[in-house]
1. Being part of a loop (DSSP other than H, G, I, E, B) and in contact with a strand residue (DSSP E or B) (Cβ under 7 Å, 6 or more places away or on another chain) is the filter; apply it to the range A:378-419 and report the residue that is surrounded by the most Cβ atoms within 10 Å (Cβ to Cβ).
2. Please find, within the range A:336-377, the residue that is farthest from RNA strand B (Cβ to nearest atom) out of those that are part of a strand (DSSP E or B) and without any contact (Cβ under 8 Å) to a residue 40 or more places away in the chain.
3. Checking residue A:27 against (1) of a type in the set (A, V, I, L, M, F, W, C); (2) within 30 Å of residue A:301 (Cα to Cα); (3) more than 12 Å from RNA strand B (Cβ to nearest atom), which test does it fail?
4. Restricting to the range A:58-99, name every residue that is open to solvent by 70 Å² or more (accessible area, probe 1.4 Å) and basic (Lys, Arg).
5. Would you check if residue A:294 is free of Cβ contacts under 8 Å to residues at least 60 places away in the same chain, in a loop (DSSP other than H, G, I, E, B), closer than 30 Å to residue A:371 by Cα and open to solvent by 30 Å² or more (accessible area, probe 1.4 Å)?
6. What single numbered condition from (1) touching a residue at least 24 places away in the same chain (Cβ under 8 Å); (2) under 30 Å from residue A:173 (Cβ atoms); (3) exposed (fewer than 11 other Cβ atoms within 10 Å of the Cβ) fails to hold for residue A:112?
7. Considering (1) assigned to a loop (DSSP other than H, G, I, E, B); (2) out of contact with any helix residue (DSSP H, G or I) (no Cβ under 8 Å at 6 or more places or on another chain), say which one residue A:143 fails and leave the rest.
8. Taking the condition of being within 15 Å of RNA strand B (Cβ to nearest atom) and either assigned to a helix (DSSP H, G or I) or not hydrophobic (A, V, I, L, M, F, W, C) (or both), how many residues in the range A:215-260 meet it?
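The values are calculated or read from the model by the stated rules, or taken from the named source; none is laboratory data. Values in this document were obtained by computation on a predicted structure and should not be read as measured data. Because the Cβ atoms are built from the backbone with ideal geometry, glycine has one as well, and the counts that use them run over all protein chains shown. Ligands, DNA and RNA are stripped out before the accessible areas are found, and what is left, the full protein with its side chains, is counted by its heavy atoms. Shrake-Rupley method; radii C 1.70, N 1.55, O 1.52, S 1.80 Å.
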Amino acid sequence: MLDIRLIREHSEQVIARLAARGGEAHLRIHDILDCDKERRATETKLQHLQADRKRISKEIGMRKAKGEDTSNVEAEVRALGEELTRLNEMSAHWDERQKDLLLQLPNLPHEGCPVGADAEANPEIRNWGTRPSFSFTPKSHVELGEKLGLFDFERAAKISGSAFVCFKGAGARLERALLNFLLDLHTRDHGYTEVSTPFVVRPEALVGTSQLPKFEEQLYRCDRDELYLAPTAEVPVTNLHREEIVALEELPIRYAAYTPCFRREAGSAGLGTRGLIRMHQFDKVELVKITTPETSAQELEALTQDAERVLQILGLHYRTIELCTGDIGFGSTRTYDIEVWAPGQDGYLEVSSCSSFGDFQARRMNLRFKDQDGKNRFCHTLNGSGTALPRLMVALLETYQQADGTVLLPKILQPYFGAERIG
RNA sequence: GGUGAGGUGGCUGAGUGGUCGAAAGCAGCGCUUUGCUAAAGCGCCGUACCCUUUAAAGGUACCGAGGGUUCGAAUCCCUCCCUCACCGCCA
């Protein structure tokens, strides 16, 4: 959520920054300013009237204590009541409208965020490793997985519909090996604290991290209990500290969490992504940071490095791109995507998206810290995948496949998996 | 799911219709005094919004949330949420 004062006092800059995103968000600033004007005018009127009532009521109290008759003054206050009720309703109405408008408004891209219309304009920041070469035509993970009996889409569809998978045998074991490897890496080597959170969340949590109110149709909802399935660990983990005033010494907070992620992927059904690449449920290890505004930029760089390290250790070729203003996510000020090379796809797959949200989410969840001067200020929040599991598995299977159809695992995974190869 | 207790400022905790934004203590900040590493005294010390703005000063709201009663609600009534305890059920 943007600061209404920022919008009020620097509306031209806000409009320009939002316009860089494309879309129509910047057109709503004038509505918001009108609303803000009405809201404040109403509030001022209301407050003057309340001051009158308060003053007279106190007077009644004092005069009653002396035993005086106050019936005529009481009538005077009673007369204020109707107008007071009306103004109260008006004030609440404008308040709510302003909040609705602000919640629908995306974050301002960071000044350093490259300007561009769409994904075509995303610059490559760096790349690591080289594309592996094969003496044969590399197979897709789907074919490899079928031959090796790693997963079963048909039976998963029988119980849950399309775009669900059932890992089995070595596939299930590989999934578990990867999870353990990722959590160990981030907690032991990168200094994150492991958390294991609930997977279902209340609507307030989703408002906090800005999945709601705008992206309701992407979420699975449990109507009976007003709960949603978390689309990413970002939601439960970042909201862990909602409504808190964190001590300065506790920052930065760094969390790593494994969760399954549930996404309806509305509007992208039948997009022709076979296999593990786009599913309604997938596992992910997420990295979340809560920082001061002063350190968030460097923490984003570090977070991205931490995610990249996964691919380096596994020996997988990847590139890191920065999302331009036209491609960046709703709540983000700055985002790096890490894309791993998948030989069987003959393309790169996004396995991590590392973002800084500035104080956008912190404002929504009222997450603050006390600074050196004892002032309460909003924290900055960041998160990135470290990494998504199924796509990592795709790259791994396709990169390390052998001519005989088996898959030779990288050294680091062998003890986790319990064998050096699959098949 | 049932019964009971409870939710007050950074923390502890008083306050059951009027001058209560709220006692007291702790923590924090400032000053003074004494001075072997600490104590004593005094003062300050919530948040949001509105108005104004260089600043200051003012105003309103906030005692879990939302309604209601009343001239007036932390205090009375209703609904909901959460916490704790015990019982029930259960992996």
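1. Out of the qualifying residues, it is A:379.
2. Selected residue: A:347.
3. Only one criterion is unmet by residue A:27, namely (2).
4. If the condition is that a residue be open to solvent by 70 Å² or more (accessible area, probe 1.4 Å) and basic (Lys, Arg), then A:58, A:64, A:66, A:78, A:86, A:97, A:99 are the ones that fit.
5. Here the answer is yes, as residue A:294 does meet what is asked.
6. (2)
7. The one condition residue A:143 does not meet is (1).
8. Step one: list which residues in the range A:215-260 are within 15 Å of RNA strand B (Cβ to nearest atom), which gives A:222-228, A:236, A:239-250.
Then keep just the ones that are either assigned to a helix (DSSP H, G or I) or not hydrophobic (A, V, I, L, M, F, W, C) (or both); that gives A:223-226, A:228, A:236, A:239-244, A:248-250.
Looking only at that region, the number is 15.
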